[in-house]
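The values are calculated or read from the model by the stated rules, or taken from the named source; none is laboratory data. All of these numbers come straight from a predicted model, not from anything done at the bench. No Cβ is skipped: glycine too gets one built from the backbone with ideal geometry, and neighbour counts run over all protein chains shown. Please note that ligands, DNA and RNA were not included when accessible areas were found on the heavy atoms of the full protein model with its side chains. Shrake-Rupley method; radii C 1.70, N 1.55, O 1.52, S 1.80 Å.
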Amino acid sequence: DATPRLNFRYLLEKYEIGLALFAKVGELLLKGGLKLSGGTSVDATTIAAPSSTKNEDKARDPEMPQPRGSQRHFGMKVHIGVGSASGLVHSASITAANMQDSPQWPNLLHGQETRLHGDSACRNQKERLQTIAPNARDFTDQRA
């Protein structure tokens, strides 16, 4: 049953607890001597949600749309920025599952990258990425 998870999600959003927790973890990592590396890997994944209409309104959650494509997934999408050397997540953004990745890049890059690693969404966007991370000189396509 997804109801407890959805209720938890709504509480995190309502009181902005998720943002506060993420910021605190980042602060603790920096205090422990871990810092942002020279490179960032960006990617996104879909977080599944039930497509069921077995709720009070007998309707699908409008914040959990279906992304384009052949597979039927309902849910949200988490976009992450990960230090390429450390493997530590330094930024994250959550959107509806049908949102594209590229509008989230400014939220995922810290701007001091010397390297960027991304998937096909980054392949033809090097000029735009250069404006977000002006120090980046090495762009790697990490195709799956």
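Screening the stretch 89-131 for residues that are of a type in the set (A, V, I, L, M), more than 11 Å from V42 (Cα to Cα) and open to solvent by 60 Å² or more (accessible area, probe 1.4 Å) and picking the one that is farthest from the chain's Cα centre (by Cα) gives M99.
Which condition breaks for S41 when tested against (1) modelled with pLDDT of 80 or more; (2) surrounded by fewer than 17 Cβ atoms within 10 Å (Cβ to Cβ)? In the conditions (1) modelled with pLDDT of 80 or more; (2) surrounded by fewer than 17 Cβ atoms within 10 Å (Cβ to Cβ), S41 misses (2) alone. H79 meets all of the listed conditions (1) open to solvent by 40 Å² or more (accessible area, probe 1.4 Å); (2) in contact (Cβ under 8 Å) with a residue 12 or more places away in the chain; (3) not aliphatic (A, V, I, L, M) but one, namely (1). Taking residues in the stretch 4-17 that are farther than 18 Å from A92 by Cβ and in contact (Cβ under 8 Å) with a residue 24 or more places away in the chain, and partners anywhere that are among the β-branched types (V, I, T) and loosely packed, with under 10 Cβ neighbours inside 10 Å, not one pair has Cβ atoms closer than 9 Å while being at least 6 places apart or on different chains.
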